[in-house]
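Asker: I have a structure here, written as structure tokens, and I will follow up with some questions on it.
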Amino acid sequence: MKVAYYSPMPPDRSGIADYSALLLPALRERVADVVVAQPGKKAPDADVALYHVGNEPVFHGWIVDALEKRPGVVVLHEAVLHHLVAGLTIGRGNGRGYLDAMERDSGVAGRLLGLGVLDNLLPLLWETQPERYPLTGTILDLAEGLIVHSSYVARKAREAGYAGPLWKIPHPAWPIEPVEPAAVTGEPLIGCFGYLNMNKRIPALLEAFAMLLERRPGARLLLVGAAAERFDLDRRLERLGIRGESLIRHDYVPEDQLWSLMAACDVLVNLRSPTMGETSGSVIRGLSLGKAMLVSDVGWFSEIPDNVALKIPVDRHESATIAGALELAADHAATLGASAQHYVRSEHDLRHVADAYAAALEMAAGGDAVADQVLWRISEAASEVGLEDTSELFRQARGAGLV
Amino acid sequence: MRIAVCRPQVPFVYGGAELVADQLVDELRVRGHDAELVAVPFKWHPRARVLDQALIWRLLDLSELDGPQIDLVIGTKFPSYGIRHPNKVVWLIHQFRQAYDFDRTEFGQFSESPEDRATRLAVERFDDVALREARRIFTISGNVAGRLKEHSGLDATVLPPPPQKLAFRTDTYDDFVLSVNRLDRAKRIDMLIDAARAEPSLRIVIAGDGPDRERLQKAAAGIEDRVEFAGRVDAETLTDLYARCRAVFYAPVDEDYGIVPYEAFLSGKPVITTHDAGGPLEVVSDGQTGCVVAPDAGEIARACSLLIGDLGMSKRLGEAGKSIAARITWDACIDALLA
């Protein structure tokens, strides 16, 4: 079987490129021929095509173009594609395409909202409230099969009207090399890694850490990542008294240092709201290291088992809940960490993920033909002996997994 | 109890799997149960036919009949365990290995075409449904249990079936090595023939018949005086061959179970097998009950020569095997299956 594989690949700085770099070698061990498609090159001839679709037009625009020419299996990495669709329509001077996508998702009201955006009467929806208008419909209409990483995205896809075959395949975990923890400590040391913005609930985290400091003066907060534009991180830190020994701050660190800093932490915090349905590679890496973890109780994060990560509801008590959870996680870091490692090994094992991909692709490529053959033979045999109602035969075949 | 024992039947082929199911029916009847064999012809070529066969079993509903109820069904090998019944026990002889460990090997049957790949997957899904319905799953060997765990994620209890009830005995330790097996490429009888070619003093007798006979006979060209093809033999001839041989060769590729070593042991004879033979390795231990060597004609020749040259060793290893084989009984099997 030959698979045409469409994805951003390194050196593109994209989580999906990293994902594909991890998955491809394992997939090639299970599928006879996997050809990675290149932007601007002729589409590979194949039995089935696999399209990785994320929300970034720069990385995924050409992939959606290819999908439009030849439907195939779509890997929907996020439940919200508004930014992508806006880039592929408005970004290419095709305002009408944007309106069509809005109407596909939200009916005439959506189209009218789209008109407001095009006429600069409304703020840009992909910046202000993309989760309300996910615009996945036009992509899903082209999918012959759908791979998602979470029940959350599966549900969103069904709500968007997708009725075809769907496979939920977990995000694979990176193999863990032994990591020497960096020489930083705290009592406890709380780590938060990645782009620092409102969406990562940083204001709530800072307020919670300030509460923790009152109870545990030896606590330290390690913040690694650039602060978003217009996000007044320094002023917030100053106002809450998080400074001096209680704060370690890095804008950027190289990959190996990032791992050793993560390994030094007692608790990792990876909050997110609103969610676009994304799976967090960073959370999986942290769990792989056996770290106690706090996540927001939304989207894919809600599906992490309760004994693996502490899940923080996004409500008016968020800061206080985080503060309590930081203490709880620090006190039970070893137990939570052991559960985390066990969970990642069992649920996010690369071999299982690659097996599931191979099975999904095999089904997408040949499943219909095989089912048709079986059902045709059932019908033929039934009609030869005068049986007209074959519904029971079909039901049994389906129930036994044969079609 | 009223019990239906289910097995597929490749027409005109009779091997270990058929023997186990037939004996089970006999032994159940001996113990006062009302047992019946349910057999359906099995055909697996061309590839998509395998799904039709699975569906046929699925459509056989033995959950209730007019009149007396069937209390228990026992499925054995693919796809007979797909039968529907509220009290289903599986005594797994093997899954459809072409869809699993044989896939993408010389023994597989599914190509890389999308249809073949999807058919293989459908077999996997069928197993998932059919085997999970079973109240309990037993396997005929640890090897089969291991594969079931690996491929379907299911746990099973190992329950080896006893060999056929023949008058096994020990007469002599003549200077020939016996092969008892279906003449099939996967049974690797050609390794024994090659061993005979490599060791000019080695004499072998090959009992059994099958599709590989012509190829094997060609392989024995020039050494016909030391390689005897006995063909399909009756029970009396079989027990006689066991009773007189020096040792028994049995080295299929990753065999499910292997009843032959038990028959050899009951005849007081050691077994020569290979590291990759699968099931036989659960009872054949090197230097304890036989010789376990690399799958190589030279190594097999050396093992045969060792046993031919050392009568005491052959007797000692064979006797040790006899005590192992004697522990496998129908009473234990039936107690477990009906529990």
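Asker: Let me check the size of segment B:2-159 from its C-alpha atoms; what are the radius of gyration and Dmax in Å?
Answerer: That works out to 15.4, 51 Å for Rg and Dmax.
Asker: Still on this structure, please answer the following. What's the local net charge at A:Ser282, with K and R +1, D and E -1, over the other residues with C-beta under 12 Å away? Before the final figure, lay out each step's value.
Answerer: Working: positive: A:Lys200, A:Arg272, A:Arg285, A:Lys291; negative: A:Asp18, A:Glu278.
After counting each charged neighbour, the total is +2.
Asker: Once both axes come from the Cα atoms, what is the angle between helix A:95-118 and the longest principal axis of chain A, in degrees from 0 to 90, rounded to 10?
Answerer: 70
Asker: Answer rounded, prolate or oblate for segment A:189-341, using the Cα gyration tensor with square roots of eigenvalues a ≥ b ≥ c: rounded when a/c is under 1.5, else prolate when a/b is larger than b/c, else oblate.
Answerer: Details: a/c = 1.23, a/b = 1.21, b/c = 1.02.
Verdict is rounded for segment A:189-341.
Asker: Sticking with this one: Which longest uninterrupted range of chain A lacks any GluC sites (Glu not before Pro) assigned by DSSP to a loop state (not H, G, I, E or B) and surrounded by at most 12 other Cβ atoms within 10 Å? Don't skip to the answer; put the middle values down first.
Answerer: Working: sites that count: A:Glu29, A:Glu229, A:Glu388.
The longest uninterrupted stretch comes out as A:30-228.
Asker: Next question, about the same structure. Neighbour counts of other C-beta atoms within 10 Å: give me B:Val158, B:Val38, B:Val90 arranged from fewest to most.
Answerer: Values: B:Val158 15, B:Val38 20, B:Val90 27.
Lowest count first: B:Val158, B:Val38, B:Val90.
Asker: How far is helix B:235-244 tilted, in degrees, relative to the longest principal axis of the Cα atoms in chain B, given as a value from 0 to 90 rounded to the nearest 10?
Answerer: Relative to chain B, helix B:235-244 is tipped by roughly 40 degrees.
Asker: What do you get for the angle between helix B:142-152 and the principal long axis of chain B? Use alpha-carbon atoms, 0 to 90 degrees, nearest ten.
Answerer: Once rounded, one gets 40 degrees.
Asker: On to the next question. Net charge near A:Glu318, counting Lys/Arg +1 and Asp/Glu -1 over other residues with Cβ under 14 Å of its Cβ? Write down the numbers at each step before the final one.
Answerer: On the way: positive: A:Lys200, A:Arg201, A:Arg272, A:Lys311, A:Arg316; negative: A:Glu207, A:Asp297, A:Asp315.
Charge balance near A:Glu318 sits at +2.
Asker: Moving on. Using 0.36 nm times the number of residues separating A:Ile176 and A:Glu392, minus their current alpha carbon distance, what extension gain do you get?
Answerer: Between A:Ile176 and A:Glu392, full extension yields an extra 72.7 nm.
Asker: Longest exposed-loop-site-free stretch of chain B, with GluC sites (Glu not before Pro), DSSP loop and at most 11 other Cβ within 10 Å?
Answerer: Values: sites that count: B:Glu64, B:Glu106, B:Glu224.
The longest uninterrupted stretch comes out as B:107-223.
Asker: Could you work out the local net charge near B:Gly268, counting Lys and Arg as +1, Asp and Glu as -1, over the other residues with Cβ closer than 12 Å to its Cβ? Walk me through the numbers before you get to the answer.
Answerer: Values: positive: B:Arg169, B:Arg244, B:Arg246, B:Lys269, B:Lys315, B:Arg316, B:Lys322; negative: B:Asp171, B:Glu263, B:Glu319.
Within the 12 Å Cβ shell, the charges total +4.
Asker: How large is Rg over Rh for chain B, taking Rg from the Cα atoms and Rh as the Kirkwood inverse mean of 1/r across Cα pairs?
Answerer: For chain B, the value is 0.98.
Asker: Let me ask you something else. Assign one of three labels to segment B:177-326, namely rounded, prolate or oblate, based on the Cα gyration tensor with a ≥ b ≥ c the square roots of its eigenvalues; rounded applies when a/c is under 1.5, prolate when it is not and a/b is larger than b/c, and oblate otherwise. Provide the component values of the computation, followed by the final result.
Answerer: Details: a/c = 1.37, a/b = 1.29, b/c = 1.06.
The shape class here is rounded.
Asker: What ratio of Cα Rg to 2.2 N^0.38 Å holds for the protein assembly as shown?
Answerer: Numbers: Rg = 32.8 Å, N = 742, 2.2 N^0.38 = 27.1 Å.
Against the compact-globule rule of thumb, the ratio is 1.21.
Asker: Given DSSP loops and a limit of at most 13 other Cβ atoms within 10 Å, what is the longest stretch of chain B that contains no such chymotrypsin sites (Phe, Trp or Tyr not before Pro)?
Answerer: Details: sites that count: B:Phe12, B:Tyr14.
It runs B:15-339.
Asker: Filter B:Lys165/B:Lys322; A:Lys156/A:Lys311; B:Lys77/B:Lys165; A:Lys200/A:Lys311; B:Lys149/B:Lys187 down to the pairs with a C-alpha to C-alpha distance above 18 Å, please. Display every interim value, and only then the final one.
Answerer: Numbers: B:Lys165/B:Lys322 15 Å; A:Lys156/A:Lys311 21 Å; B:Lys77/B:Lys165 22 Å; A:Lys200/A:Lys311 14 Å; B:Lys149/B:Lys187 24 Å.
The pairs that break the limit, which is 18 Å between Cα atoms, are A:Lys156/A:Lys311; B:Lys77/B:Lys165; B:Lys149/B:Lys187.
Asker: Compute the FRET efficiency between A:Ser282 and B:Glu236 as 1/(1 + (r/R0)^6), taking r as their Cβ-Cβ distance and R0 = 60 Å, and round to the nearest 0.05.
Answerer: Numbers: r = 74 Å, r/R0 = 1.23.
Here the calculated transfer efficiency is 0.25.
Asker: Sticking with this one: Which whole-angstrom value gives the distance between the alpha carbon centres of segment B:110-175 and segment A:189-252?
Answerer: First find each Cα centre; the distance between them is then 58 Å.
Asker: May I pose another question? With a cap of 14 neighbouring Cβ atoms within 10 Å, and only residues DSSP puts in a loop, list the trypsin sites (Lys or Arg not before Pro) found in segment A:241-272.
Answerer: Values: sites: A:Arg243, A:Arg249, A:Arg272; in loops: A:Arg243, A:Arg272.
Counting only loop positions with at most 14 other Cβ atoms within 10 Å, the trypsin sites (Lys or Arg not before Pro) in segment A:241-272 are A:Arg243.
Asker: Expressed as a rounded percentage, what relative contact order does segment A:2-168 have, with Cα pairs under 8 Å and six or more residues apart?
Answerer: Normalised by residue count, the contact order of segment A:2-168 is 20 percent.
Asker: Right, next: Within 10 Å of each candidate Cβ there may be at most 13 other Cβ atoms; applying that plus a DSSP loop requirement, which trypsin sites (Lys or Arg not before Pro) in segment A:188-242 survive? Don't jump to the answer; show the numbers that get you there.
Answerer: On the way: sites: A:Lys200, A:Arg201, A:Arg215, A:Arg220, A:Arg230, A:Arg235, A:Arg236, A:Arg239; in loops: A:Arg201, A:Arg230.
Those satisfying the criteria are A:Arg230.
Asker: Still on this structure, please answer the following. Compute the distance in nm between two label points, each set 7 Å from the Cα along the Cα-to-Cβ direction, one at B:Ile223 and one at A:Val385.
Answerer: Here the answer is 5.3 nm between the modelled labels.
Asker: Right, something else. Pull out a ≥ b ≥ c, the square roots of the eigenvalues of the alpha-carbon gyration tensor of segment B:96-228, then state rounded if a/c is under 1.5, prolate if not and a/b is larger than b/c, and oblate in the remaining case. Walk me through the numbers on the way to the answer.
Answerer: Details: a/c = 3.46, a/b = 1.64, b/c = 2.12.
Verdict is oblate for segment B:96-228.
Asker: Within segment B:302-339, what residues put their amide N at less than 17 Å from the label point 7 Å along the Cα-to-Cβ vector of B:Leu166?
Answerer: Label zone hits: B:322, B:325-326.
Asker: If the chain between B:Arg132 and B:His45 were fully stretched, how many nm would it gain, using 0.36 nm times the residue separation less the Cα-Cα distance?
Answerer: Working: separation 87, 0.36 × 87 = 31.32 nm, distance 2.64 nm.
Contour length minus the Cα-Cα distance gives 28.7 nm.
Asker: Ok, one more. Out of the DSSP beta bridges found with both residues in segment B:2-159, what percent are antiparallel (nearest 5)?
Answerer: Bridges in segment B:2-159 that DSSP calls antiparallel: roughly 0 percent.
Asker: Extension gain A:Arg70-A:Leu350, at 0.36 nm per residue separation less the Cα-Cα distance, in nm? Walk me through the intermediate numbers first.
Answerer: Details: separation 280, 0.36 × 280 = 100.80 nm, distance 2.83 nm.
Using 0.36 nm per residue and subtracting the Cα-Cα distance, I get 98.0 nm.
All of the numbers you see were taken from the coordinates with simple rules; none came from a lab. In this text the structure is predicted, and so the values were computed from the model without any measurement. Note that we place each Cβ from the backbone using ideal geometry, even for glycine, and neighbour counts take in every protein chain shown.
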